Each structure stands twice: as C-alpha cells, then as structure tokens.
Amino acid sequence: MKTRLSRFIAKRNQKQNGFTLIELMVTVSIVGILSSLALPSFTRAFESTNSSNAKQFVVDAARDCSTALIFEHPVPTVTQADAGSDVTLATYNCIETGSVVAEGGEDRWTVVIDEDGIPEFPVKSTIS
C-alpha cells in the first residue's frame, strides 16, 4: 500500500513537460494577428525607402550632369546599374534644358536642368 501511495504522489509531483494543444493554438493565433498588423507598416517603410533612394539618385545624377555642363567636362554616363536594384532610371538627358527621371517605390522623381546647366529642385509625382 505504501509503495502504491508513494508512486502516486511521486507521479503527481512530476513536472509536466511540453505545452498543451490549446496553448499552442492561442500562441500561433496571437503571432498571426500581430504579424498581420505589422505587415502594412513594413510595406510602407519599404516603399518610402525606395522613393527616398530614387530622389537621392536623381539629385546626385543631376548635380554630376550640371557640374559637367558648367565646367565643360565630358558628360557622365549614367546607367541602370548606377541606379541600383530599388530604383528604375526612366530617362537621363544630360544636356542644357535636359532632365533626370527615376522611379522608386510608388513615386517618380524628376530634376530639370535649366538652360544655364543648373538643376532645379526635385519634383515628385505618383506613378499611376
């Protein structure tokens, strides 16, 4: 009798290992809800970064073009490889009254170069 009682007490005092199915289902559902709330925020941050990279690219390309035009240096060549993978180079006209256009995220950035070879401020438009 004593051995049976001691085995029962020992078995009852053992720690339970693992999780129940309910605990796992609740945890997975909470993680799913939180990730569905966070996904749009990450997407917006990604698009904003791409737009910012496109803006910086057109400003840099227009500045280099302007410098070449003003100081009568050879016109720099700009290709899609210079733009990077997150920016699409739409047009690059390094001439007086030319322009640089690049797309990133959901935005298109344009920098116009005036007749004196000076780049204007970048202008953003939405890609439709």
| note | Whole-Hz Karplus couplings 3J(HN,Hα) for the stretch 35-44, θ = phi - 60° and coefficients 6.51, -1.76, 1.60, Gly and Pro as x, run 5, 5, 6, 7, 4, x, 5, 5, 5, 4
| remark: Rounded to the nearest whole number, the per residue volume of the convex hull around the C-alpha atoms of the stretch 68-123 in Å³ is 70 Å³
| task | Show that you can apply the helix-only estimate: for the chain, add -39,500 (n - 2.57) for every DSSP H stretch of four or more residues, divide by all residues, and state [θ] at 222 nm to the nearest 500. | result | -18000 deg cm²/dmol
| field | Charge-dipole axis of the chain as Lys and Arg at +1 and Asp and Glu at -1 on Cβ define it, positive-most pick from ALA61, THR110, THR20 | value | THR20
| said: On C-alpha positions alone, give me the angle between the axis of helix 2-13 and the longest principal axis of the chain, in degrees, nearest 10. | reply: 20 degrees
| query | Between SER99 and residues 5 or more places away or on another chain, which pairs have amide H atoms under 5 Å apart, with H built 1.01 Å from N, and which residues are they? | reply | ASN93, ILE113
| What span do the alpha-carbon atoms of the chain cover on each of the three principal axes, reported in whole Å from largest to smallest? | 105, 29, 18
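None of the figures in this text is laboratory data; all of them are computed from the coordinates on show. Since the model is a prediction, treat every value here as computed from it, not as a measurement. Counting neighbours? That spans all protein chains shown, and the Cβs are built from the backbone with ideal geometry, glycine included.
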